[in-house]
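Worksheet for the structure shown next.
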Amino acid sequence: MTYFDKLETRSSDERAADHARALPEQIARAQSAPGYADILLGVQADIVTDPQALAKLPVLRKSDLTQAQGTRPPFGGFTVKPTRQFQHVFQSPGPIYEPGSTDHDWWRMGRFLNAAGVGRGDIVQNCFGYHLTPAGMIFESGAQAVGASVLPAGTGQTELQVTAARDVGCTAYAGTPDYLKIILDKADEMGVALKFSKAAVGGGALFPSLRQEYADRGISCLQCYATADLGNIAYESPAMEGMIIDEHVIVEIVTPGTGTPVAPGDVGEVVVTTLNPDYPLIRFATGDLSAIMPGESPCGRTNMRIKGWMGRADQTTKIKGMFVRPEQVAALVEKHDEIVKARVIAARQGELDTMTVQIESPCENDGAYAKSVVEVLKLKGAIEVVAPGTLPKDGLVIEDQRVYE
């Protein structure tokens with residue numbers, strides 16, 4: 001087995017000693033950023049040397065970033081270096097802005113791609129988006145870190161994706177879990193044989209049946225857990241026993257809505273402190289649920305493991321690789337005076353995500369809302385117009401009907 005670097009197989013004592021040196025430095029960097037002026041006021045950086053000490057600091061939430069970016073655009077004052085020194089500025093739904101750099105493996109995705117078997121000689125068909133959001137560049141920088149070539153395919157135009165994969169000889173796929181199936185099915189329809197043998201996926205749930213379908217086609221498929229703000233957080237190895245925490249982040253599992261760590265093994269919200277010196281997010285709450293797994297991975301990597309993505313601490317749900325948030329549903333309702341209420345339902349049809357938008361309105365024409373759904377939710381979906389008073393009064397505006405086990 002080839003590891004990405006020696007950090008992956010450190011002893012727990014070595015890792016703790018490295019954290020004891022790195023954490024105070026990172027806290028001090030954060031304190032130099034104006035966005036942290038009040039958040040970390042009075043904190044003694046030199047005593048924050050482990051996750052137990054981190055737990056005494058406040059939690060930073062995406063809503064805090066959004067609010068700060070409104071007064072200190074574009075990054076809210078949370079970066080150490082000025083905007084002009086970053087090579088990229090990205091925009092994610094919200095909108096919220098993230099910095100990006102062309103520095104070597106800046107988002108730390110190379111570690112995951114190495115674990116997925118991607119390296120020199122591979123050509124990666126990168127089907128993550130390159131438009132505004134950072135996912136495409138995140139995976140491209142990881143591919144560069146392991147010496148692979150990249151076809152920057154993005155999403156859409158599936159027939160052209162098949163043609164390019166055949167002509168270029170792509171051996172690995174990077175993208176959301178279900179889009180690879182769309183490409184493979186289109187290739188079957190076109191009578192085209194593709195050379196994919198590896199898939200590195202993220203941005204959505206990898207259902208066991210879909211992973212098995214890829215395995216039946218001779219494609220080894222592993223997944224990572226990453227965000228636009230933090231980069232890679234955790235990743236699968238060939239052992240496929242949980243997700244291994246990246247070596248340059250510290251993960252805590254806390255009671256949702258608080259900063260209080262849960263008991264080992266309990267499900268809670270994932271809170272991440274990144275050691276990225278350019279963008280030192282401290283105790284950043286992802287809104288995702290997971291749990292710590294005991295022991296170490298059989299693959300020999302020694303860092304802590306989590307069980308993977310286990311849902312959202314709020315109603316925010318990822319559909320087709322894109323987050324849909326309650327505030328977006330509220331914006332859809334506000335866009336049309338006659339809409340009383342709306343509800344988004346995430347489900348599965350075969351191995352693909354589906355989205356249905358139920359709208360309470362006296363207007364029976366579902367076509368009247370199609371444009372607004374795409375503009376506000378950033379996704380296409382089925383629209384069902386129902387009479388006022390029809391939708392359940394259970395407080396849900398986003399209902400996830402998918403089964404993750």
Practice item. Considering only segment 52-74, state which residues are out of contact with any Lys or Arg (no Cβ under 8 Å at 6 or more places or on another chain), of a type outside the set (A, V, I, L, M) and in contact (Cβ under 8 Å) with a residue 60 or more places away in the chain. Key: ARG61, LYS62
Point to revise | Candidate set: segment 360-386, residues that are part of a loop (DSSP other than H, G, I, E, B) and open to solvent by less than 60 Å² (accessible area, probe 1.4 Å); chosen: the one modelled with the lowest pLDDT | key: CYS363
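Would you please name the residue that is farthest from the chain's Cα centre (by Cα), looking only at residues in segment 208-231 that are of a type in the set (A, V, I, L, M) and surrounded by 17 or more Cβ atoms within 10 Å (Cβ to Cβ)? Spell out how you get there, then give the answer.
So the first thing to find is which residues in segment 208-231 are of a type in the set (A, V, I, L, M), and the list is 210, 215, 219, 222, 226, 228, 230.
Now restrict to residues that are surrounded by 17 or more Cβ atoms within 10 Å (Cβ to Cβ): 210, 219, 222, 226, 228, 230.
Values: LEU210: 19, ILE219: 22, LEU222: 14, ALA226: 4, ALA228: 6, LEU230: 9 Å.
Filtering first and then ranking leaves ILE219.
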**Study point:** Leading residue by the ranking (most open to solvent (accessible area, probe 1.4 Å)) among those in segment 267-302 that are more than 20 Å from the chain's Cα centre (by Cα) and polar (S, T, N, Q)
**Key:** THR302
**Study point:** Yes/no for ALA199 being open to solvent by less than 20 Å² (accessible area, probe 1.4 Å), of a type in the set (Gly, Ala, Ser), under 17 Å from PHE139 (Cα atoms) and assigned to a strand (DSSP E or B)
**Key:** yes
Practice item. Mind listing whichever residues of segment 52-69 are surrounded by fewer than 16 Cβ atoms within 10 Å (Cβ to Cβ) and outside any loop (DSSP other than H, G, I, E, B)? Key: GLN52, SER63, THR66, GLN67
Exercise for review: Starting from residues that are without any contact (Cβ under 8 Å) to a residue 60 or more places away in the chain and not in a loop (DSSP other than H, G, I, E, B), keep the ones in segment 26-51 and report whichever is surrounded by the most Cβ atoms within 10 Å (Cβ to Cβ).
Suggested key: GLY35
Review point. So GLN401 clears everything in (1) open to solvent by less than 50 Å² (accessible area, probe 1.4 Å); (2) among the polar types (S, T, N, Q); (3) at pLDDT 90 or above except one condition, right? Which one?
Key: (1)
Study note, to complete from the structure: All-but-one check, PRO73 against (1) at pLDDT 95 or above; (2) under 27 Å from PRO264 (Cβ atoms); (3) surrounded by fewer than 13 Cβ atoms within 10 Å (Cβ to Cβ), failing number (2)
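Return yes when ALA205 is open to solvent by 60 Å² or more (accessible area, probe 1.4 Å), more than 16 Å from GLY117 (Cβ to Cβ), assigned to a loop (DSSP other than H, G, I, E, B) and out of contact with any Leu (no Cβ under 7 Å at 6 or more places or on another chain) and no when it is not.
No: the conditions fail for ALA205.
To keep it simple, each residue is scored yes or no on (1) among the aromatic types (Phe, Trp, Tyr); (2) within 16 Å of ASP122 (Cβ to Cβ).
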residue	(1), (2)
ALA172	no, yes
TYR179	yes, no
VAL192	no, no
PHE207	yes, no
ALA215	no, no
GLY218	no, yes
CYS221	no, yes
Review point. Which is open to solvent by 60 Å² or more (accessible area, probe 1.4 Å), of a type outside the set (A, V, I, L, M), under 26 Å from SER237 (Cβ atoms) and in contact with a strand residue (DSSP E or B) (Cβ under 8 Å, 6 or more places away or on another chain), of GLN144, GLN87, GLN125?
Key: GLN144
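Among the residues of segment 76-120 satisfying the criterion of being among the aliphatic types (A, V, I, L, M) and more than 29 Å from VAL376 (Cα to Cα), which is nearest to the chain's Cα centre (by Cα)?
As a first pass, look at segment 76-120 and keep what is among the aliphatic types (A, V, I, L, M): 80, 89, 96, 109, 113, 115-116, 118.
Narrowing the set further to residues that are more than 29 Å from VAL376 (Cα to Cα) leaves 80, 109, 113, 115-116, 118.
Working: VAL80: 23, MET109: 12, LEU113: 15, ALA115: 18, ALA116: 17, VAL118: 20 Å.
Looking at residues that are among the aliphatic types (A, V, I, L, M) and more than 29 Å from VAL376 (Cα to Cα), I get MET109.
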Review point. If we keep just the residues of segment 331-348 that are under 16 Å from LEU379 (Cα atoms) and in a strand (DSSP E or B), which is most open to solvent (accessible area, probe 1.4 Å)?
Key: ARG348
Point to revise | Hits in segment 145-179 - residues which are in contact (Cβ under 8 Å) with a residue 40 or more places away in the chain and polar (S, T, N, Q) | key: THR171, THR176
Point to revise | Failed criterion for THR102 (all others in (1) open to solvent by 20 Å² or more (accessible area, probe 1.4 Å); (2) within 19 Å of VAL249 (Cα to Cα); (3) among the β-branched types (Val, Ile, Thr) hold) | key: (2)
Review point. Taking only pairs six or more apart or across chains, which ones have beta-carbon atoms under 9 Å, a first residue in segment 120-131 that is free of Cβ contacts under 8 Å to residues at least 24 places away in the same chain, and a second residue that is part of a loop (DSSP other than H, G, I, E, B) and open to solvent by less than 30 Å² (accessible area, probe 1.4 Å)?
Key: HIS131/GLY154
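The values are calculated or read from the model by the stated rules, or taken from the named source; none is laboratory data. Keep in mind the model is a prediction, meaning the values are calculated, not measured. Quick reminder, even Gly has a Cβ in these numbers, built from the backbone with ideal geometry, and neighbours come from all protein chains shown. When the accessible area is computed, the model is the full protein with side chains, heavy atoms only, and any ligands, DNA or RNA have been set aside. Shrake-Rupley method; radii C 1.70, N 1.55, O 1.52, S 1.80 Å.
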